[in-house]
Structures are given as C-alpha cells and as structure tokens.
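Structure first, then comments.
Throughout, read-outs are computed from the coordinates displayed, never taken from laboratory work. Note that this is a predicted model, so its numbers are computed, not measured. Every residue, glycine as well, gets a Cβ built from its backbone with ideal geometry; the counts of neighbours run over all protein chains shown.
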Amino acid sequence: MKVTPSTRRQFIKTTATAVTAFNLLPRHVLGGPRFVPPSEKVNAAVVGVGGRGLQNMRALLALSDVQVIAVADPAESFSLEDYYYKGRGGRLPAVGEVEKHYAAKTPNYRCAAYEDFRVMLEKEKSIDAVLCATPDHLHAYVSLRAMRAGKHVYCEKPLTHNIHEAREVARVAAETGLATQMGNQGHSTPGMRETVEYVRAGVIGAVREIHAWVGTKRWNPGLVTKPAEAQAVPAGMNWDLWLGPREPRAFNAAYHPVSWRDFWQFGGSSMGDFGCHDLDAATWAFDLSAPTRAEAVWSGPNDDEIAPHGCQIFYDFPAHGAQPPIRLTWHDGGLRPRNPDALGAFPLPKRGVLFVGEKGAIQCDGAGGAPRVFPESLRASMTKPAQSLKRSNGHHRDWIDACKGGDAASSNFSYGARLTEIALLGVLALRARKPIAWDAANLKATGLPETEPMIRGTYRAGWELPT
C-alpha cells in the first residue's frame, strides 16, 4: 500500500488516540475486574480492624507491592488493653496507622475509612482485594459480597460460622476463580509442612489416634448464659451494623471486643477460634474430609447462647484407601491427652498436636510447630523424609502472589472450607448437646432435625447470603 501524507497523518492520529486511551483507562478495565499485573501494587481493603484485623493489616503493610487504601469497621475506636492485642482497635486508629506507614514515601497519603463495608465496596472501585477479619458471624457475608464484586478475598479462620456457609463460600470461590486464602497462618510454616511430610512418609507407621489441644478458657467465666443487662452503646459504635445478620439484642461489653467468641450467635468457642489451626496438620496429612460421627462432652454452662468452659470432642473418620479409621480428639479448657508410652517423660506443652502410630508418635506445638519424633530410638534411626511439599513465602505473601496470577494459596477456600467444616461439626456437637451422625452428602445430622438452623444458619431480613 502506498503511504500518502494524509494516510500517515491518520495513522499517527489513530495511534496517539489509542496510546492516550491505554494510559487513561484503569487496569481493571483493561484486564478485567480481577486483573492485577505482576508489576503493580495490589490495592487492598481491610474489613474488621479489631485486634486480629490490625495484625493482618500490618502484615499487608509490610509487603512492598500492596497498598492498603481503605478500612471498614462499625466502631470508630475501642480499647484492646484488656486483651493480648493491646493498643486500640477500630477504623480511626487503623487509618492513622496506615497513613503514618505510607507518609515517609507518600506525604499526605490518605486511607479511606468506612462504617459499612458495603458502602466501601460501592464507592472504592479501585479495590483489588479484601481482607476480612470480622467476628465469625459475618465472615461468609463479607466474603461472598466481596467475591461477587470481583475482589480477591482473604478471610480469617474459621472461614464461616456454619457448615452450609462453608460450602457456599467454597462454591462461589471456585465459580469466580478469584484468589483466596483462609487466615490459619500456621498452615504456611515450615513446621506444618514437615509434620505432614513425616506423617505421610510413615515415620511412625499407621496412625489411628490423633489429639489436638489448646489451653484456652472462656472470656466471660462468670456468665451462665447471655448477659441480661442492657448497656449503653459506646460512642462511635454502630451496634446494629455489628450484629449484621443476627436478630437485634441489647449491647453489652461481654460481646465486644474479642469476647464475642463465647457466644454461639457470633463465634464458636475455643474450637471455632483454634480448630482451623490445630486440626490443620491432621486434615492435610490424611486428606480428611467429613467424619461420620462427632460427639462432645463439656464442663460448665452450655446452653443455646453460651459455650462451656472447656470440652472434649471426639471425631470418627472412616478408613479410605490404605489408611485405617482414625479417632481424632479435641481438648480445650486446660484438658490434655494422656502421654502415650512412646513419649516417656516428655511433658506435653499447653497447646499442641499428637499423632500416635504403630511405631511411635509425633508431637508438634500448635499452629505449625515442627515435628518431634518419639521414642528417641526411632528418632535416632530414622531418615528424614524428603521434602514433598512446596515451602511457603508467607501466608499473606502467597495470597498476594495468587492475586497477581501466581499459584493458588495453599489454604485457599477449597481447602479452608473443608477444614472449617470439620471444626464446625465439633461446634455442632457442642451446640446440639447430642452425638452427631453426619450425613455429609445431604448436609444433615441424621435424626436431629432441630440442628438444621445451626447447620444452615438463620438471617434477619436484608442480611441473607449474597450467593
């Protein structure tokens, strides 16, 4: 084709227009709502900035290719001094911390603050990823709303408040193809992966007995049911928004902050808090799915409102493949398993996991501690198993890499939902106060129709799951 001056001018004009459009269009328009180029920062928002939310936020601030651009919390500010977190939580302290962090490189940096995360999702179009660290009863709602808005999601453990929610969150994550990660940080430790490798390599032979324990107790030891006293809602707190899908109830300091875990409507007691940490190694090593049975015994009050002071939960997992049946026992409230003979005089820690096999035992500290092999004679004669699991670059790092198109994070919602379902079956046995014969295929506790609201949840108008 002969190039004339006029066609050349037209070419330059067209090219300039295209380049200008490329420079002006935001990346989510160019690459789709989930597109984050590897060379760019991930714009993150944090929903729920109490104690654990602030810890998660700081983990994101430490990553150079992440920028926290918004936070949401129903409370402006509240004290965490009575809890192990210390300091202050709420959206105003969180914003102050974010802006101070970025000020050195970006003077006058501003982080948006919202009371309602739904408003945040509507207004902050540049959000790529959402980290959810609310109380358990809002995990599914926040995660589903965020995924349906095209946002990658990290959600604290347990992934959901009931079993049906776990399946819904896993389904939507698979359907959307978004990058997800559950916040059981021990999953990404080298110790967790070594423990799985040791167990799978048969270092202690066939395993039929597993124990996990944590030394937690109730935050509200003096209560025998939900608090009867109505207290004034703290200034700057939207209590109705904090309740979310739950029916209205009067505010009481027994619920907020942190101590909401004692109450079935909001949390799942120690099992809800720690189960996804300390049942993780067993679930991963044996590829456990649903048990056929769960039964609980407990100490102290345990009614429709409040969790007991401590408990034991017994799970029965059927044989599959070459793996024999497994009895897994959970202990909390200060209870621990007896020492098997293989451990000798070794003192069990306050929190840990124990695998008892035909040839010996493996013990590790909770949330991803390194494996200890017993007896000493077995430890001295064994060959360390070859590394078979990819090592993590960090729990939050792996999620951000997945947001940028890398490998899926290893505690993504597919795995996290399965682990959560196991933990929540223990919670169900506690709440039902009866043994659970579990029909996983039909999502039912056989012969116990009264457990349906616990399995599937109840939601007040306007807060139904956005599936």
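Quick look at the numbers
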{"item": "Rough spin-label spacing in nm, given labels placed 7 Å along Cα→Cβ, for Lys217 and Ala201", "result": "4.1 nm"}
{"item": "Ranked by how many other beta carbons lie within 10 Å on average, peptides 126-135, 314-323 from highest", "result": "126-135, 314-323"}
{"item": "Centre separation in Å (Cα based) which lies between the range 102-164 and the range 334-381", "result": "39 Å"}
{"item": "Shape category assigned to the range 102-173 from the gyration tensor of Cα positions, a/c cut at 1.5", "result": "prolate"}
{"item": "Computed over the range 128-203: relative contact order in percent, which uses C-alpha pairs under 8 Å that are six or more apart", "result": "28 percent"}
{"item": "Cα→Cβ-extended label distance, 7 Å offset, between Thr467 and Glu76, nm", "result": "3.9 nm"}
{"item": "Within the chain, helix-based [θ] at 222 nm, where runs of 4 or more DSSP H residues each add -39,500 (n - 2.57), nearest 500", "result": "-9500 deg cm²/dmol"}
{"item": "R0 of 30 Å, Cβ-Cβ distance Ala230-Gln55: FRET efficiency to nearest 0.05", "result": "0.40"}
{"item": "Linear extension gain, Asp341 paired with Ala174, 0.36 nm per residue minus alpha-carbon span", "result": "55.6 nm"}
{"item": "Protection proxy ranking, peptides 174-187, 410-423, average beta carbon neighbours within 10 Å, highest first", "result": "410-423, 174-187"}
{"item": "Centre separation in Å (Cα based) which lies between the range 402-455 and the range 37-82", "result": "28 Å"}
{"item": "Principal axis dimensions, the range 395-467 - Cα atoms, whole angstrom, descending", "result": "46, 31, 21"}
{"item": "Arg391 versus Glu122: modelled label distance in nm, points set 7 Å from Cα along the beta carbon direction", "result": "4.8 nm"}
{"item": "DSSP H segments from the chain that extend 24 Å or more along their own axis, Cα-based, with Kyte-Doolittle mean of 0.0 or above", "result": "413-432"}
{"item": "Peptides ranked, highest mean first, by Cβ atoms within 10 Å: ranges 85-93, 435-443, 68-76, 359-367", "result": "68-76, 359-367, 85-93, 435-443"}
{"item": "Hypothetical label at Asn238: residues of the range 244-277 whose amide nitrogen lies under 12 Å (7 Å Cα-Cβ projection)", "result": "244"}
{"item": "Values of log10 I(q)/I(0), in the order q = 0.13 Å⁻¹, for the chain under a Debye, Cα-only, solvent-free model", "result": "-1.22"}
{"item": "Overall form of the range 175-324 per C-alpha gyration tensor (a/c, 1.5; a/b vs b/c)", "result": "prolate"}
